[in-house]
Amino acid sequence: MKNILITGASSGLGAEFAHQYAAQNVKLFLCGRNLERLNDVADACRQKGAEVYANAIDVTDRARLADWVTDITAQHGLDLVIANAGISGGFSGQMIEDITKDYQIFDVNLTGVLNTIYPALPHMVAKKSGHIVLISSLAGYVPMPSAPAYSASKVAVRFYGESLRTKLAAFHVKVTVICPGFIQSRMTDNNDFPMPFLMKTDVAVARMIKDIDAGKPRISFPWQMSIGLKLLSLLPAKLSSAIFACLPDKKALPSD
């Protein structure tokens, strides 16, 4: 029996992770903010033979999430934790009302990741096995003026995961950091600008799962964007800033 916890499972990548991992001899522990969509995902996974436990929890609710994860580890144990929950958003111009939404982005994308994995780590360290997966982004390779909080939160997740991997290796706990490009989801549906190499959700998640199951420490794709952004980060600041200034603004946070 494989026990898997997925946050942000009510839509997008999280829902697709649940659908693709759902099978006989799999226990899925799913959380998300939208109970109706979460229950739909859970029902679909049960039809594939998985044993599913769904709970409507916001990952910024540290105490409630900690209680839930701790109960899971005590009663069932966990083999894989996918800290997927995340939100995106930017601001047009310099409206202070938009800029202050950055707090929410950091709360979900960074603190929400910590809230998810911290309660599971003592269990995995004690049994000397387990796998933590953190969802970062290719936006975490460069400072994005159209979405500063999003890119900053994702680079923080990337660096944290890379550092944590080394610390946990001594306890035989794996850490995988995933940095995808544009993937079809409710998050990208909000974008009204061209998204190069946009991938279908099921294709992107199937690739991620293949690499996760192979134990890869870092997953970045598509390779064209990955290489391009890494090269862009090497340019002089004035030149890279001039290039970024030409990029379109990202809309504010989508509604739940």
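The values are calculated or read from the model by the stated rules, or taken from the named source; none is laboratory data. Remember, predicted model here, so these are calculated numbers, not experimental data. With ideal geometry, Cβ positions are generated from the backbone for all residues, glycine too; neighbour counts draw on all protein chains shown.
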| request: Examine region 141-148 for a residue that is of a type in the set (A, V, I, L, M, F, W, C) and in a helix (DSSP H, G or I), and state whether such a residue exists. | output: no
| field | Check on Val26, over 25 Å from Leu110 (Cβ atoms), among the β-branched types (Val, Ile, Thr), modelled with pLDDT of 95 or more and in contact with a strand residue (DSSP E or B) (Cβ under 9 Å, 6 or more places away or on another chain) | value | yes
| Criterion: more than 20 Å from Asp79 (Cα to Cα) and modelled with pLDDT of 95 or more - qualifying residue of Asp102, Asp107 | Asp107
| query | Of everything in region 124-141 that's surrounded by fewer than 19 Cβ atoms within 10 Å (Cβ to Cβ) and hydrophobic (A, V, I, L, M, F, W, C), which residue is nearest to Gly12 (Cα to Cα)? | reply | Val125
| Residue list for region 54-89, filter: of a type in the set (Asp, Glu) and not in a helix (DSSP H, G or I) | Asp58, Asp61, Asp79
| remark: Within region 35-49, residues being surrounded by 14 or more Cβ atoms within 10 Å (Cβ to Cβ) and in a loop (DSSP other than H, G, I, E, B) number 1
| query | Where residues in region 229-253 are modelled with pLDDT under 65 and surrounded by 15 or more Cβ atoms within 10 Å (Cβ to Cβ), which of them is nearest to Asp79 (Cα to Cα)? | reply | Leu253
| said: When you check Ile96 against the structure, is it at pLDDT below 95, under 22 Å from Ile183 (Cβ atoms) and of a type in the set (A, V, I, L, M, F, W, C), yes or no? | reply: no
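One line per residue, one yes/no per condition, for (1) surrounded by fewer than 18 Cβ atoms within 10 Å (Cβ to Cβ); (2) at pLDDT 95 or above; (3) in contact with a Leu (Cβ under 9 Å, 6 or more places away or on another chain):
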position	(1), (2), (3)
Tyr160	no, yes, yes
Ser163	yes, yes, no
Thr176	no, yes, yes
Gln184	no, no, yes
Asp192	yes, no, no
Ala206	yes, yes, no
Ile209	yes, yes, no
Phe221	no, no, yes
| said: Looking at Gln24, Gln20 in this structure, which one is in contact with a helix residue (DSSP H, G or I) (Cβ under 8 Å, 6 or more places away or on another chain), on the phi < 0 side of the Ramachandran plot and surrounded by fewer than 21 Cβ atoms within 10 Å (Cβ to Cβ)? | reply: Gln20
| What number goes with the only condition from (1) modelled with pLDDT under 95; (2) in contact with a helix residue (DSSP H, G or I) (Cβ under 7 Å, 6 or more places away or on another chain); (3) hydrophobic (A, V, I, L, M, F, W, C) that Ala152 does not pass? | (2)
| query | In region 111-147, which residue that is among the polar types (S, T, N, Q) and under 25 Å from Lys230 (Cα atoms) is modelled with the highest pLDDT? | reply | Ser136
